[in-house]
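Okay, structure first, notes after.
The values are calculated or read from the model by the stated rules, or taken from the named source; none is laboratory data. For clarity, every value in this text was computed on a predicted model and none was experimentally measured. Glycine also receives a Cβ, built like all others from the backbone with ideal geometry; neighbour counts cover every protein chain displayed.
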There are 2 protein chains.
Amino acid sequence: MASPLRLFRSAPRIANLTCYQRRHVSAFGYTQAKALVYSAYGEPSTVLKLHSHSLRPAYDEEILIKFLASPINPADINQIEGVYPAKPELTIALGTPEKSAVGGNEGVVEVVSVGANVKGYKPGDRAIMKHTSFGTWRTHALAKDENLLRIPDEFKDISPLSAATISVNPCTAYRMLKDFADLEEGDWFIQNGANSGVGRAAIQLGKIWGLKSVNVIRERPDVDALKKELMDLGADIVVTDAELQSRGFYWEMQEKTQGKGIKLGLNCVGGKATHYLIKCLGEGGHVVTYGAMSKQPLNLNASSLIFKDIHAHGFWVSRWSDRNPEAKAEMVAEIFRFIQQGKFKEVPFEKTIWNSDSTEEQLVGAVAKSGQAFGNKKQVFVFEE
Amino acid sequence: MASPLRLFRSAPRIANLTCYQRRHVSAFGYTQAKALVYSAYGEPSTVLKLHSHSLRPAYDEEILIKFLASPINPADINQIEGVYPAKPELTIALGTPEKSAVGGNEGVVEVVSVGANVKGYKPGDRAIMKHTSFGTWRTHALAKDENLLRIPDEFKDISPLSAATISVNPCTAYRMLKDFADLEEGDWFIQNGANSGVGRAAIQLGKIWGLKSVNVIRERPDVDALKKELMDLGADIVVTDAELQSRGFYWEMQEKTQGKGIKLGLNCVGGKATHYLIKCLGEGGHVVTYGAMSKQPLNLNASSLIFKDIHAHGFWVSRWSDRNPEAKAEMVAEIFRFIQQGKFKEVPFEKTIWNSDSTEEQLVGAVAKSGQAFGNKKQVFVFEE
């Protein structure tokens, strides 16, 4: 327990806090915080609870952060269901009745205050999460430098929504376009699930880098509107599954690639869809899988691998980020610059405001909604006073 | 047409020919040759014909070769059926009534005589085919340097059977073990169809290089005899499909690899078998497909690709050989050295003698036999006077 002396010494810090911050800080420097926690794996709507607790002031190397925005990604749902390989440690650190973890992996924070031995951060700085499993569906947290990737001051004008959603989708698209097929300006790539967050990021990054994209979407009532939307983002070709599978399309792409075929395919569907994606690839092509919306295993013909020299890989941005922290910082800065230049737009999203009046039902409801069928807009928690 | 003068000039060459050679050489220097040819794709037993023709003396850069041994590989059958991507040109060069090609892709030859402008070859030299689609099921042919990979004199003691069967199976095993997973001494690899020609080569090469192998075979009546046979070749573990799929086996391999899993899987089966192979691989593992005995597409879980970082490739030795002629010569020399040192044994084979008495029925019968079910020994044509 903190001694009365320590509480007294922390008093001057409190005096420096902004009006907003004072509302969440008690007389003894403790911050009132809330978090969506779970103590057992299962359906998010069943296992998630809104937990209120208080946080002591940042001490030593600690950084007190408040969340500005945190998206709800499919992987967050899988994590709570217990079917995602990155599992947070369950602890009683937040004073929960049972060992628990906080939901969410991605988010943007503002520094509220810092411990005496923190270097490189000051109140008002912004940061995103450096790794998965920190738990971002909460109002406040005590973090350390190792948990955070500080946003350089030059990018302070980036909206919290853009910053909060940069680590997963844009970074996944970025690495898949860069790391697998030595694409050069003018080269083509093809992707299914092209209207996903990653898909939209790939279209835009491809456009910036002078790549050409074939974008496959599922047949739907508003297909022309979606086609136009993706074309407006920078897509070169948008086709439905059925259009992709037509014989004519294959020959069209052969012509457009001077008979060489496409060098790279991005796959988030799996099953038969992968087969049709690979059919459009040329000799030596690469197909990178980052999702499995169809929940079917990939369908890969041995003859494609052997005679067309196709290579199949997977990509998991969490592993890449953990292994390449410096490159991640550079990549994020590069994407922020694209956003500032108006070349890169965030995905369509639906805000759920999280403020002191928000109920468990409302917040858990937003998570449950995100877990339903595809085609919903991305759900994002936006934190307000 | 050759002038009388040229025929006269070639006479001295004929005088130098051995007894064997003279039997096949007519008074005007023409060689009597036979070849198994096909003029349309289809079942080998239906489309293959034994064609007799004569070959003029080697002229300019031509090399007159006689075949010593030519195996019948599964790919040869696929080629005749028209389902193999490497297709020989159909021509009337051999005087066939219709445009035809000669069957077979692999073989070892002896040089009978050489044209005036041939460098680097002399009668009695041996060579193997440099590329696919030359047509090796024939007694004699006119070739050029570009068609042949000369066997260095130091390897003249290598048996024709070993030399004739080195280009496909041992070279496939060699490259798959070397080029995909950075294996180091003590590392494990796993392969299905382990009793195939490639499988047996991989066991032996792995042993030579200090690698450890898990070898998967199908359940069969004589399973213990086959297990012993593969262990004697240098296998570390031989298991049946069912044994591979048992839970205990997975943990056994985890223990043997200190929890890292196996780095490389060689797959010639496809379907579900690939799934069980991949289950034994560790993070970052590679699975290389070189066949599809089950005729099923590969079954690849997206989660293996994404979260285990598994990479799937194919390997086609013909493409590799065409692109790396010098490296191929070095590799072949290395394997010949292993053979001389007694470290590398040829696969079990069944000879079909091809001599002047051989009938079309006998020769085509050997090809048809090779195309039937697995488990047959490799069929090899051995040419005799």
Can you tell me which residues in region B:64-103 are under 25 Å from A:Glu283 (Cβ atoms) and either free of Cβ contacts under 8 Å to residues at least 12 places away in the same chain or assigned to a loop (DSSP other than H, G, I, E, B) (or both)?
-> B:Asn73, B:Asn78, B:Gly82, B:Val83, B:Tyr84, B:Pro85, B:Ala86, B:Lys87, B:Pro88, B:Glu89, B:Leu90
Taking region B:266-283 as the search range and keeping residues that are in a strand (DSSP E or B) and within 13 Å of chain A (Cβ to nearest Cβ), which one is farthest from B:Gly314 (Cα to Cα)?
-> B:Glu283
Which residues, counting only those in region B:284-296, are more than 7 Å from chain A (Cβ to nearest Cβ), out of contact with any Phe, Trp or Tyr (no Cβ under 6 Å at 6 or more places or on another chain) and of a type in the set (A, V, I, L, M)?
-> B:Val287, B:Met293
Residues that are in contact with a helix residue (DSSP H, G or I) (Cβ under 9 Å, 6 or more places away or on another chain) and more than 20 Å from B:Arg150 (Cβ to Cβ), drawn from region B:84-105 | B:Tyr84, B:Pro85, B:Ala86, B:Lys87, B:Pro88, B:Ala101, B:Gly103
In contact with a Cys (Cβ under 8 Å, 6 or more places away or on another chain) and part of a helix (DSSP H, G or I) - does that describe any residue in region B:200-209?
-> no
From B:Thr132, B:Thr139, which residue is among the β-branched types (Val, Ile, Thr) and over 16 Å from the mean Cα position of the chain (by Cα)?
-> B:Thr139
Out of curiosity, is A:Lys122 modelled with pLDDT of 95 or more, among the basic types (Lys, Arg) and part of a strand (DSSP E or B)?
-> no
Residue check: is B:Leu90 modelled with pLDDT of 90 or more and more than 14 Å from chain A (Cβ to nearest Cβ)?
-> yes
State all residues of region B:356-382 that are of a type in the set (A, V, I, L, M, F, W, C), modelled with pLDDT of 95 or more and more than 17 Å from the chain's Cα centre (by Cα); if no residue qualifies, say none.
-> B:Leu363, B:Val364
Taking region B:210-231 as the search range and keeping residues that are part of a loop (DSSP other than H, G, I, E, B) and surrounded by fewer than 20 Cβ atoms within 10 Å (Cβ to Cβ), which one is farthest from the chain's Cα centre (by Cα)?
-> B:Pro221
Please indicate, with yes or no, whether at least one residue in region B:297-316 is away from chain A (no Cβ under 14 Å) and part of a helix (DSSP H, G or I).
-> no
Could you tell me which of the residues B:Glu106, B:Glu98 is surrounded by fewer than 18 Cβ atoms within 10 Å (Cβ to Cβ) and closer than 27 Å to B:Lys369 by Cα?
-> B:Glu98
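One line per residue, one yes/no per condition, for (1) basic (Lys, Arg); (2) without any contact (Cβ under 8 Å) to a residue 40 or more places away in the chain; (3) buried (at least 22 other Cβ atoms within 10 Å of the Cβ); (4) out of contact with any strand residue (DSSP E or B) (no Cβ under 8 Å at 6 or more places or on another chain):
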position: B:Glu110; (1), (2), (3), (4): no, no, no, no
position: B:Ser113; (1), (2), (3), (4): no, no, yes, no
position: B:Pro123; (1), (2), (3), (4): no, no, no, no
position: B:Arg138; (1), (2), (3), (4): yes, no, yes, no
position: B:Ile151; (1), (2), (3), (4): no, no, yes, no
position: B:Ala164; (1), (2), (3), (4): no, no, yes, no
Set B:Glu346, B:Glu326, B:Glu361, B:Glu350: member being assigned to a strand (DSSP E or B) and more than 14 Å from every other protein chain (Cβ to nearest Cβ) | B:Glu350
